[in-house]
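Some notes on the structure that comes next.
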Amino acid sequence: MTNSSASPAPAHVPGRTALSVNVNKVALVRNTRHLGIPSVTRAALLCLEAGAQGITVHPRPDERHIRAGDVHELAELLKAWPDREFNIEGNPSQNLMEFIRRVRPHQATFVPDSEDQFTSDHGWSFPQDAERLAPLVAECRALGVRVSLFMDPVPEQMAAARAVGADRVELYTEPYAAAWGTPGAAAQLARYATAAKAALDAGLGVNAGHDLNRDNLAAFVQGVPGLLEVSIGHALIADALELGYAATVQAYQRCIDDGMARRR
């Protein structure tokens with residue numbers, strides 16, 4: 001697949017928060033039958049054509065959604081989109097490193113999930129995780145792969161993430177999303193702003209993801225400084241069931257633009 005028949009879509013603009021679409025849930029639906037539909041690579045292509053700046057996958061050892069073949073097919077697809085990024089996330093002590101070595105994505109996001117974990121629900125902790133992460137981070141960087149560590153919004157942990165060699169952190173945003181629409185929402189957003197500031201002060205880039213959606217995204221983009229990328233899967237794919245991939249990606253991009261405009 002190439003983008004030869006698509007209208008050119010905007011590449012990442014420096015200073016603007018990028019949107020990376022997680023296509024795991026497309027694979028989850030496909031895996032319920034043996035027909036190969038919906039196609040993961042077709043979904044990714046449509047999102048790229050609509051302007052997504054990247055594609056994210058989280059291949060788990062049990063292949064409950066993304067399979068090894070998907071990772072390689074998506075890597076091949078992204079070759080036709082040199083201004084977009086491929087982000088592979090997962091636990092580096094499970095199956096992640098073999099994908100990194102073979103595919104060499106733009107970014108590897110290390111997530112401390114157990115093999116049977118339903119979904120990501122916490123970040124790395126330091127100093128407990130430092131010794132095992134440092135050599136894996138170093139290996140990725142030697143391969144030319146940027147490393148982001150999945151982290152809770154704890155400012156005191158950011159310098160430690162940088163100390164093991166990480167380039168970025170991905171702030172785990174479920175607590176923010178859970179508080180959306182409640183009296184505690186502003187306090188949660190302030191937590192993330194403070195953590196992001198600590199990450200920036202430590203020399204880290206800032207990503208974010210988990211349960212961000214069309215309702216809460218603009219406020220998060222507005223309130224969190226230095227936000228380079230959001231990775232969104234579940235809500236975006238759910239919206240795409242109703243709106244289609246293109247309209248959904250464009251809607252999320254408008255949320256990002258709205259949040260960026262409110263910063264000024």
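For the range 9-67, a residue qualifies if it is under 19 Å from Ala240 (Cα atoms), assigned to a loop (DSSP other than H, G, I, E, B) and open to solvent by 50 Å² or more (accessible area, probe 1.4 Å), and the qualifying residues are Thr32, Ile37.
Please determine whether any residue of the range 223-230 is free of Cβ contacts under 8 Å to residues at least 12 places away in the same chain, surrounded by fewer than 16 Cβ atoms within 10 Å (Cβ to Cβ) and of a type outside the set (Asp, Glu).
Pass one, the range 223-230, residues free of Cβ contacts under 8 Å to residues at least 12 places away in the same chain: none.
The answer is no, given that none of the residues of the range 223-230 is free of Cβ contacts under 8 Å to residues at least 12 places away in the same chain, surrounded by fewer than 16 Cβ atoms within 10 Å (Cβ to Cβ) and of a type outside the set (Asp, Glu).
Kindly evaluate Arg162 against the criterion of being in contact with a strand residue (DSSP E or B) (Cβ under 7 Å, 6 or more places away or on another chain) and open to solvent by 40 Å² or more (accessible area, probe 1.4 Å). For Arg162, the condition - in contact with a strand residue (DSSP E or B) (Cβ under 7 Å, 6 or more places away or on another chain) and open to solvent by 40 Å² or more (accessible area, probe 1.4 Å) - is not met.
Condition check ((1) more than 27 Å from Arg104 (Cβ to Cβ); (2) of a type in the set (A, V, I, L, M); (3) surrounded by fewer than 19 Cβ atoms within 10 Å (Cβ to Cβ)) across all residues:
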| site | (1), (2), (3) |
| --- | --- |
| Gly123 | no, no, no |
| Cys140 | no, no, no |
| Leu143 | no, yes, yes |
| Thr173 | yes, no, no |
| Ala186 | yes, yes, yes |
| Lys197 | yes, no, yes |
| Leu204 | no, yes, no |
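When the range 230-258 is filtered for residues that are within 19 Å of Asn207 (Cβ to Cβ) and in a loop (DSSP other than H, G, I, E, B), only Gly233 remains. Filtering Pro105, Pro82, Pro92, Pro153 for residues that are of a type outside the set (A, V, I, L, M, F, W, C), surrounded by fewer than 17 Cβ atoms within 10 Å (Cβ to Cβ) and free of Cβ contacts under 8 Å to residues at least 60 places away in the same chain leaves a single hit, Pro82.
The values are calculated or read from the model by the stated rules, or taken from the named source; none is laboratory data. On a predicted model such as this, the values are computed, not experimentally measured, just so you know. We place every Cβ from the backbone using ideal geometry, glycine too, and count neighbours over all the protein chains shown. Note: areas computed on protein heavy atoms with side chains; ligands, DNA, RNA excluded. Shrake-Rupley method; radii C 1.70, N 1.55, O 1.52, S 1.80 Å.
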